[in-house]
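The values are calculated or read from the model by the stated rules, or taken from the named source; none is laboratory data. Just so it is clear, the structure is predicted and the values come from calculations on it, not from any experiment. Glycine also receives a Cβ, built like all others from the backbone with ideal geometry; neighbour counts cover every protein chain displayed.
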Amino acid sequence: MATTTATETKTLVNYRVEDGIAIIELNDPPANTYTYEMNRQLDEAILSARMDNDVYVLMLTGAGDKFFSAGANIKMLSSVDPTFKYYFCLHANEMLLRLEHTPKLVIAAINGHCVGGGLEIAMACDIRIARRDAGKIGLPEINLGVLPGTGGTQRLSRMVGKSKAIELMVTGNTFTFEEAKELGIINDIYERENFKENVLEYARQFTPPNKAARAVGNIKRSVQTGWEIPMESALAVERELQQRLFASEDAKEGLAAYVEKRPATFKAK
């Protein structure tokens with residue numbers, strides 16, 4: 001399935017569903033830089049996956065093997081007026097918030113260089129897995145005289161702390177995936193061979209019958225919502241989500257399987 005609109009002539013985001021996983025691929029090689037048109041298609045793909053009851057996990061990746069994404073298309077940005085730039089960033093921020101708050105696990109399969117806005121997309125995912133020795137990572141926007149304007153300053157500081165985030169952004173340096181893992185930006189690094197297939201295999205563990213998909217989604221919702229509100233309110237959110245899960249078929253199955261000392265078979269119900 002290709003995500004596109006009637007007025008667009010090029011598919012910039014590939015979309016397909018496989019074994020309960022929505023595979024979303026940024027498709028403008030070699031660098032997979034994004035434009036307003038790509039963002040619209042990406043937003044449509046995110047919404048399609050969110051609303052599809054047969055999708056339990058989203059996997060974002062880049063076409064080819066050189067870039068996950070090099071971020072926004074600089075030629076496009078340099079040729080438009082400041083008002084368009086503002087609304088371009090606004091739409092990108094709204095899109096990534098929708099991705100971040102989609103109540104399904106989102107995995108970034110970082111197959112190559114992941115810089116600038118590409119890293120901002122990856123940071124809006126829940127888990128980031130990189131391909132060994134496939135590229136660099138970082139937020140070098142300072143070298144263009146701007147800041148990481150689609151959530152980079154906020155998400156990076158929440159990941160690595162204020163001081164380290166400021167250092168990484170004001171120097172504009174890019175660094176290895178191994179360094180990114182040490183900083184907590186990347187969760188894991190997989191070998192180059194069969195990289196995307198191995199990430200898909202990892203993702204399948206979070207789909208039925210292996211995991212209770214509603215519980216996975218509600219864990220994400222509890223963390224994402226609770227992170228930004230006072231502890232008392234966050235605990236109230238947690239209790240509400242837990243109560244909904246207690247009423248689910250999967251919770252009954254999970255508890256029964258534990259008592260009966262057998263593997264649970266979940267149905268996302």
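Data for the structure
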quantity	calculated
Test: residue in region 196-203 that is out of contact with any Leu (no Cβ under 6 Å at 6 or more places or on another chain), loosely packed, with under 15 Cβ neighbours inside 10 Å, in the same structural domain as Ala109 (by TED's automatic domain parsing) and assigned to a strand (DSSP E or B)	no
Residue that is surrounded by the fewest Cβ atoms within 10 Å (Cβ to Cβ), among those in region 94-128 that are in contact with a strand residue (DSSP E or B) (Cβ under 9 Å, 6 or more places away or on another chain) and of a type in the set (Lys, Arg)	Lys104
Count - residues of region 86-134 that are out of contact with any Gly (no Cβ under 8 Å at 6 or more places or on another chain) and in a loop (DSSP other than H, G, I, E, B)	5
Positions within region 10-59 being over 29 Å from Ile74 (Cα atoms) and β-branched (Val, Ile, Thr), in sequence order	Val17, Ile21, Val55, Val57
Criterion: within 25 Å of Gly20 (Cβ to Cβ), over 17 Å from the mean Cα position of the chain (by Cα) and at pLDDT 95 or above - qualifying residue of Asn111, Asn187, Asn194	Asn194
Contacts under 8 angstrom Cβ, first residue in region 155-184 being free of Cβ contacts under 8 Å to residues at least 40 places away in the same chain and surrounded by 14 or more Cβ atoms within 10 Å (Cβ to Cβ), partner assigned to a helix (DSSP H, G or I) and among the acidic types (Asp, Glu), 6 or more apart	Arg155/Glu120; Met169/Glu141; Gly172/Glu141
Failed item, numbered, when Ala92 is tested on (1) small (Gly, Ala, Ser); (2) farther than 20 Å from Val170 by Cβ; (3) modelled with pLDDT of 95 or more	(3)
Inter-residue pairs, beta-carbon under 8 Å, first in contact (Cβ under 8 Å) with a residue 12 or more places away in the chain and within 30 Å of Ala212 (Cβ to Cβ) and in region 55-74, second assigned to a loop (DSSP other than H, G, I, E, B) and among the aliphatic types (A, V, I, L, M), 6+ apart	Tyr56/Ala268
Condition met for Ala213 (out of contact with any strand residue (DSSP E or B) (no Cβ under 7 Å at 6 or more places or on another chain), surrounded by 18 or more Cβ atoms within 10 Å (Cβ to Cβ) and more than 19 Å from Ala124 (Cα to Cα))	yes
Test for Val13: is it crowded, with 16+ Cβ neighbours inside 10 Å, modelled with pLDDT of 95 or more and within 19 Å of Ala213 (Cβ to Cβ)	no
Looking only at region 44-80, and only at residues there that are among the polar types (S, T, N, Q) and under 26 Å from Phe206 (Cα atoms), the one that is surrounded by the most Cβ atoms within 10 Å (Cβ to Cβ)	Ser69
Residues satisfying the stated conditions in region 226-253, i.e. more than 25 Å from Ala264 (Cβ to Cβ) and among the hydroxyl-bearing types (Ser, Thr, Tyr)	Ser233
Subset tally (residues that are touching a residue at least 60 places away in the same chain (Cβ under 8 Å) and either crowded, with 24+ Cβ neighbours inside 10 Å or over 20 Å from Ala92 (Cα atoms) (or both)) for region 129-154	7
Filtered residue count, region 227-269, keeping only those that are aromatic (Phe, Trp, Tyr), out of contact with any Asp or Glu (no Cβ under 9 Å at 6 or more places or on another chain) and either assigned to a loop (DSSP other than H, G, I, E, B) or closer than 13 Å to Lys211 by Cβ (or both)	1
